[in-house]
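Structure first, commentary second.
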Amino acid sequence: MKNLLFFALIMSALPSFSQTKYTLSGYVKDGKTGESLISCPIYIKEAKAGISTNVYGFYSISLDSGTYTIGVNYPTFDPYIDTITLNKDVRLNIELKPEESEELAEFTVRDERTNDNTESTDMGRMDLDIEQVKVLPAFMGEVDVLKTVQFLPGVQSGGEGNSGFYVRGGGPDQNLILLDEAPVYNAAHLFGFFSVFNADAIKNMEIIKGTMPANYGGRLASVLDINMKDGDYRDYHASGGIGLISSRLTVEGPIKKDTSSFILSGRRTYIDVLTKPLIKEDSPFFGTGYYFYDLNAKLNYRFSDKDRLFASGYFGRDVFNFASADAGFQMNVPWGNATGSLRWNHLFGDRLFMNATAIYSDYDFAFGATQDDFSLRLESGIRDANGKVDFTWYPNEDHNVKFGANYIYHIFTPSSVTAEQGETEFDLGGKKKIYANEISAYVLDDFKLTDRIKMNVGYRQSLFQQLGPFTRYEKDAVGNVLSETPYERGEVVAQYFGYEPRFAMRYKISDSASIKAGVSHNYQYVHLASISGISLPTDIWFPSTSLVKPQINTQYSIGFFKNFQKNLYEFSVELYYKDMNNLIEYAEGAEPSDNINNNVDADLVFGTGYSYGAEFFFKKAYGDFNGWVGYTWSKTMRIFEEINNGDPFPAKYDRRHDLSVVATYKLNEHWTFGAAFVFGNGNNITMPAGYYVVDGQTAFDYGPRNSFQMPNYHRADLSATWYADEFKTIIDEETGKEKKVKKKLQSSVTISVYNAYNRANPFVIFIDTDGDAAAGTITNTAKQVTLFPILPAVTWNFKF
């Protein structure tokens, strides 16, 4: 299989040498800010061919000599038209003018809107327009990109107020979330109510939930690839917003005009500031508070068209403090992420593009508690040092070849507990770290076989090693240590190879319709263990070990894609099936314990799973009124020998029906409206099937795992954004006539309503016990906790 794929890649590229070609290449930029435009389609009319810019705004296409009409149509920009004669290699850098005028070119590329929906081999791949995201209804007025991702078919919410998401039956740890190529291991603020991504600092984002191309790896379910803005290369300006619970500020501008720029963006909540006056010094809860903050920064320098340097970083923290003076108890819970990326772009000629990246990623969680003279501290986290190099080669208009390699050095702190009372320190095993190497290399070719058939064939080879120092403890059934096996620093404890072929194909039925199919085989070497039913900071990351094998899945998908009215409307239906192996769960009754003569993977059980479903998607991409409708029917099951006696049981997030409707409408220059509606079957949870009384206390006998389904979830959100006049009228001192000039301060006000019809959606269901066990009058009642009623919010946004 490996040899066949490699042979297919080599043979597919051979036609590029059969005749002389000339190369048209360059960058596409925002004509106002100088920022590169990502995934911008360039259409060559006479060749009936096209290409899109990469994540750095670069494009390259090789054609026969001749005269060509170049057309570019990109949302929120005026169409671009140019005619070139290609009798040598041509470097054409394109600047698009922001859409401010109603004038159109004679050859309007409005009729040549991007048709990637039917032309590309991509399945389950979607780009999200960050400007559209900003006008959608927002929870508490805080724009959240992860909430928008949850509106897409095949992507399910983790529950009320939870920014975690589940893709085609995969768990939250199976999503690869990248910020400027740096992995983000916990993307949630406020225990999951907000994501860590500040929309003001984001340029674009895309999600891949279908056949993952070979340049991505390390996760099973999806890739969410987020890129930060570069910063304005031509003018200084600031923007931000003031909301009910948080404020944000972004500053950007040139360091050297058209050569170097920066962006700095910060955000902080002030829940602690607002509640502090309400908690008096004599209150038993004085000292209790919560806040989060995050900071994005980026610098870049263009040495030339051939060399560019980017440095970007993110730092964010949540800090929760709780105090009870009556009990003499204090608790502190900080957690957060830090990432850094240093990237170098280099062009070798006009057809070979290289990006080399050094990455740092750190996630840590801590829990500290003090009562009287006793204190306890729990820590966990994961830290990566990451180096990668990626090449893109454009041999001709029919081929786009990518290849590269990646090395990651992992340091895991699954859990460490320390405790002391007075001057006495308790031995709980100390801080234990686990070390690992993860290495991968890939090659792929996205090529056109015929006018009707296009393929993306790729292969990824991965290697994972758990390294010493490490001690493996073998225990008997009651927890007594039978043996210890120590490993020295750098010694290989466990090693796994991953063979990951990827294949996708598109067959064009007509100019506006196609059928696509794909198969992908993925390995995942990092795992997330969770005691709770929702994703919390207390969940711990750990590597594949001699006991925990890599998670593996194979996904098969097929779909029909159709565009209407010159690509104004898009429709697709995708069917998928995936099987998953080496999944993990905590054993029944297990809970994380200390590190004394113990391994973090000792309380886990292992199983398999499968998921299948159908996703329907209809989108209107252009115009004053746009949006989409997504519907998913799916089934996701798990099979563990140690759970439910080996009988299949539904995953927590198994839902038969999931519907989302999203729409925005621009009424005029001053008003834009947004609306969203979601419906989904409730999450599956484990509930008591009966109870018994022991020594006067009620004990529950729980039923099969995830055998109870919570009530259906549905909600409607609304928003209205009012934009102040951009221009003001003044009298020209020279002519004495009126003229319009742009105001220095641009502002808007967004009014949003979360849960507009006040649906009481369930967050938690618990059993309330009442009565006297001795008298035999016990009654058990299931009760529902609802977090959010109807919640209006107002945010003032500004830019100057």
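What to note about this one:
- Residue pairs, from the table LYS306/LYS454; LYS32/LYS620; LYS666/LYS728, whose Cα atoms sit over 25 Å apart: LYS306/LYS454; LYS32/LYS620
- Rounded to the nearest 20 debye, the dipole size of the chain about its Cα centre is 2280 debye, using +1 on the Cβ of Lys and Arg and -1 on the Cβ of Asp and Glu.
- Value of relative contact order over the chain, rounded to a whole percent, pairs C-alpha under 8 Å and six or more apart: 10 percent
- Hits among lysines - C-alpha to C-alpha of LYS45 under 17 Å, sequence gap 8 or more where chains match: LYS566
- Cross-link reach list, lysines versus LYS783, counting only Cα pairs under 22 Å and skipping chain neighbours closer than eight places: LYS652
- Per residue, in Å², the accessible surface of segment 628-741 once ligands and nucleic acids are set aside, probe 1.4 Å: 56 Å²
- Taking θ as phi - 60° and the Karplus parameters 6.51, -1.76 and 1.60, the scalar couplings of segment 62-76 work out to 9, 9, 5, 5, x, 9, 10, 9, 9, x, 10, 10, 9, x, 6 Hz in sequence order, x denoting glycine and proline.
- Amide H contacts of ASP654: ASN684, each under 5 Å away and 5 or more positions distant or on a separate chain (H built 1.01 Å from N in the peptide plane; Pro and chain starts excluded).
- Positive-end residue of LEU92, PHE617, PRO711, charge dipole of the chain with Cβ unit charges: LEU92
- Coupling constants for segment 664-679 follow from the phi torsions by the Karplus curve (6.51 cos²θ - 1.76 cosθ + 1.60, θ = phi - 60°), and in residue order they are 10, 9, 8, 6, 7, 5, 9, 10, 10, 10, x, 8, 8, 10, 10, 9 Hz; glycine and proline get x.
- The phi-based Karplus calculation (6.51 cos²θ - 1.76 cosθ + 1.60; θ = phi - 60°) puts the 3J(HN,Hα) values of segment 763-771 at 9, 9, 10, 10, 9, 9, 9, 9, x Hz, whole numbers, x for Gly and Pro.
- Signed unit charges on C-beta, dipole axis of segment 434-584, positive-most listed residue TRP541, PRO486, MET505: MET505
- Residue ranges 225-232, 443-450 sort as 225-232, 443-450 when ordered by packing (mean number of other C-beta atoms within 10 Å per residue, highest first).
- Label point distance in nm, ASP701-TYR499, each placed 7 Å from Cα along Cα→Cβ: 4.9 nm
- Those residues of segment 218-243 whose amide nitrogen sits under 17 Å from the label point placed on PHE800, 7 Å along Cα→Cβ: 236-243
- Cα-based shape type of segment 721-785, given that a ≥ b ≥ c are square roots of the gyration tensor eigenvalues and the cut on a/c is 1.5: prolate
- Sorted into 5 angstrom bins from 0, the C-alpha pair distances of segment 693-735 split as 5, 9, 8, 7, 8, 7, 7, 5, 6, 5, 6, 4, 4, 4, 4, 3, 3, 2, 1, 0 percent.
- Heavy atoms of ARG656: accessible area, 1.4 Å probe, square angstrom to 10: 70 Å²
- Whole-Å semi-axes of the chain's equivalent ellipsoid (Cα gyration tensor): 46, 33, 27
- Computed [θ] at 222 nm, helices only, for the chain once each DSSP H run of length n ≥ 4 contributes -39500 (n - 2.57): -1000 deg cm²/dmol
- Charge tally for ASN186 (other residues, Cβ to Cβ under 12 Å; Lys, Arg +1; Asp, Glu -1): -4.
- Dipole magnitude (debye, nearest 20) for segment 666-800, charges at Cβ of Lys, Arg, Asp, Glu: 720 debye
- C-alpha long axis of helix 2-13 to longest principal axis of the chain, angle in °: 20 degrees
- Full extension of the segment from ILE639 to PHE315, taken as 0.36 nm per residue of separation minus the current Cα-Cα distance, would add 112.7 nm.
- Relative to the current alpha-carbon distance between ILE730 and VAL251, full extension at 0.36 nm per residue lengthens the span by 169.6 nm.
- The charge dipole of segment 373-504, taken about its Cα centre with unit charges on the Cβ of Lys, Arg, Asp and Glu (plus for the first two, minus for the last two), comes to roughly 540 debye.
- Fraction of accessible area attributable to carbon and sulfur, the chain (%, probe 1.4 Å): 57 percent
- Considering only GLN495, VAL28, THR786, and ranking their Cα positions along the charge dipole of the chain that arises from unit charges at the beta-carbon of Lys, Arg, Asp and Glu, the one farthest toward the positive end is VAL28.
- Taking all protein chains as they are arranged and a probe of 1.4 Å, the heavy atoms of GLU46 leave approximately 100 Å² accessible to solvent.
The values are calculated or read from the model by the stated rules, or taken from the named source; none is laboratory data. No experiment lies behind these values; they were computed from the predicted model shown. Positions of Cβ are generated from backbone atoms using ideal geometry, with glycine treated the same way; all protein chains shown enter the neighbour counts. Please note that ligands, DNA and RNA were not included when accessible areas were found on the heavy atoms of the full protein model with its side chains. Shrake-Rupley method; radii C 1.70, N 1.55, O 1.52, S 1.80 Å.
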